[in-house]
Number of protein chains: 4
Amino acid sequence: MAIQQINLQQVNQQIQQCIENCLDCHSICLNTVTTYCIHQGGMHIEPAHIRLMLDCAEICQTSANFMLRGSELHLRSCAMCAEVCDRCAQNCDRFSDDHQMRVCADICHRCAESCRQFSLVAA
Amino acid sequence: MAIQQINLQQVNQQIQQCIENCLDCHSICLNTVTTYCIHQGGMHIEPAHIRLMLDCAEICQTSANFMLRGSELHLRSCAMCAEVCDRCAQNCDRFSDDHQMRVCADICHRCAESCRQFSLVAA
Amino acid sequence: MAIQQINLQQVNQQIQQCIENCLDCHSICLNTVTTYCIHQGGMHIEPAHIRLMLDCAEICQTSANFMLRGSELHLRSCAMCAEVCDRCAQNCDRFSDDHQMRVCADICHRCAESCRQFSLVAA
Amino acid sequence: MAIQQINLQQVNQQIQQCIENCLDCHSICLNTVTTYCIHQGGMHIEPAHIRLMLDCAEICQTSANFMLRGSELHLRSCAMCAEVCDRCAQNCDRFSDDHQMRVCADICHRCAESCRQFSLVAA
């Protein structure tokens with residue numbers, strides 16, 4: 001079952017799609033860094049890359065949770081999530097002929113766009 | 001996009017379904033307790049109920065993350081997740097004529113069954 | 001043992017103190033909302049208050065984790081954490097003659113100040 | 001401030017010490033794997049080692065959160081945490097002349113013992 005079919009409360013359809021994009025991005029980043037990148041060596045195991053993938057996974061999870069709680073502060077968590085996902089997408093785009101990293105980059109891009117819709121940048 | 005379409009590494013189709021069941025259960029429990037139960041009063045805001053819903057949401061997230069990492073210890077996290085989901089499902093089943101709680105109970109039941117397949121109980 | 005005695009890598013003494021403030025704030029907010037507020041009734045169980053306490057607990061945990069990973073993006077997570085802690089502190093300050101909520105407010109204030117030192121607000 | 005000075009509710013002194021041991025173990029494992037191990041190469045970046053360090057960090061966080069919520073299910077989360085910490089300690093003990101890994105092993109051992117006191121293994 002896709003999360004879209006779940007009966008969430010106080011969450012409209014657009015937010016529900018954003019939650020799903022965050023959970024997808026969390027899942028692909030955490031899975032890719034811990035089961036793929038660390039087996040590849042080279043650029044894939046550069047410390048900054050590994051940290052950024054873990055950062056992205058975690059902020060996506062946190063951002064999804066703010067929306068799931070119906071918190072008004074999701075405007076802030078979405079803003080931060082969009083920024084981290086943008087960075088992670090750019091970073092993954094460097095691996096130009098690596099299918100798994102390109103999938104990762106695409107999902108990060110989509111999550112960033114989705115979160116940006118609901119973002120409020122701190123004044 | 002449902003997580004089934006994501007290109008996860010080192011995760012077979014059954015585990016991928018279990019990850020999705022955990023993320024669904026995490027989502028419905030966290031959302032229901034923080035946007036629905038706390039508005040209802042009565043049995044819905046009994047402290048033990050609120051804690052159990054939060055416990056269930058968190059262990060489902062943790063269990064999904066163990067599987068996403070391709071960790072061999074997911075046999076333990078799935079065992080614990082199945083047990084907590086069973087308890088949460090039983091607890092939600094008490095609210096017999098409440099649609100949202102019944103949805104919650106169903107998703108907890110499904111997550112528990114799914115995790116039980118991959119469980120190893122400590123000797 | 002206080003975390004100050006732990007041998008953290010790539011984390012200077014000020015960051016280490018900030019990590020500890022975040023973990024303290026996470027601990028007091030999560031504990032207070034789930035074991036104290038939900039037993040009190042009245043203002044203590046207003047949905048917006050419960051959600052904010054849970055938001056604060058989670059972003060403090062996330063912010064600590066960004067620092068523990070030595071991530072350069074901790075400048076963003078600290079900024080967001082400072083903002084959420086400020087809100088939570090203000091919210092807890094409304095319970096003027098409640099000792100537990102005053103303790104909570106104090107720890108939120110300290111965490112906010114500590115995180116603000118390491119904050120970079122998005123341009 | 002060490003967490004012992006925090007005014008936790010419904011948590012006795014022994015549980016409070018266990019929470020602190022879990023938070024210490026979470027902190028040292030997450031910090032060590034992401035800022036030290038991935039810079040070392042060799043045995044330090046073996047995929048199974050990295051996953052186990054991340055598993056240990058996460059279950060310690062989850063276990064601390066169950067105790068902070070005053071959940072009766074902390075008997076299960078402590079059991080699982082003890083088991084994962086034992087494995088992680090054994091794994092870190094293999095790096096016999098590496099100071100950082102020995103610190104990690106010691107903190108994992110202490111957390112495992114502490115959690116074992118509050119453990120109930122599933123029947």
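Each value in this text was obtained by applying a stated rule to the coordinates, not by laboratory testing. Given the structure is predicted, the values throughout are model-derived calculations rather than measurements. All Cβ positions, glycine included, derive from the backbone under ideal geometry; neighbour counts span all protein chains shown.
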Item to check | Label point 7 Å beyond Cα along the C-beta direction, distances from B:GLN90 to other copies (nm, shortest first) | outcome: 3.2, 4.5, 5.3
Checklist entry - For the range C:61-103, list residues with backbone N below 17 Å from a point placed 7 Å from the Cα of C:GLN40 toward its Cβ? => result C:87-103
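On average, how many beta carbons from a partner chain sit within 10 Å of the beta carbon of a residue in C:37-50? Kindly include the intermediate steps, with their values, before the conclusion.
On the way: counts 3, 8, 4, 0, 2, 0, 0, 0, 5, 2, 10, 4, 1, 7.
For this peptide, the per-residue mean of nearby foreign Cβ atoms is 3.
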Next on the checklist: Could you tell me how far the Cα centroid of the range A:86-110 sits from the Cα centroid of the range B:1-77, in Å?
Outcome noted: 26 Å
Checklist outcome for this item: Evaluated at 4 °C and 1.567 mPa s, the Stokes-Einstein D of the range B:1-102 based on the Kirkwood radius over Cα pairs, in µm²/s, stands at 91 µm²/s
Checklist outcome for this item: Label points for A:GLU46 built 7 Å along Cα→Cβ; distances to same position in the other copies, nm, shortest first, come to 2.8, 4.9, 5.5
Checklist entry - Any idea what % of Cα-Cα pairs in the protein assembly as shown are farther than 27 Å? => result 50 percent
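Over all residues in D:71-79, what is the mean tally of Cβ atoms on other chains that come within 10 Å of each residue's Cβ? Before the final figure, lay out each step's value.
Values: counts 9, 5, 10, 1, 0, 8, 6, 0, 3.
Going residue by residue through D:71-79 and averaging, the value is 5.
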Checklist entry - Working out 0.36 nm times the residue gap between A:ALA48 and A:GLN117, then minus their Cα-Cα distance, what length gain in nm do you get to one decimal? => result 22.1 nm
Item to check | For the range C:1-60, the spread of Cα positions along each principal axis, largest first, Å | outcome: 44, 20, 12
Next on the checklist: Under a crude label model (7 Å from the Cα following the beta-carbon direction), how far is C:ASP93 from B:HIS99 in nanometres?
Outcome noted: 4.3 nm
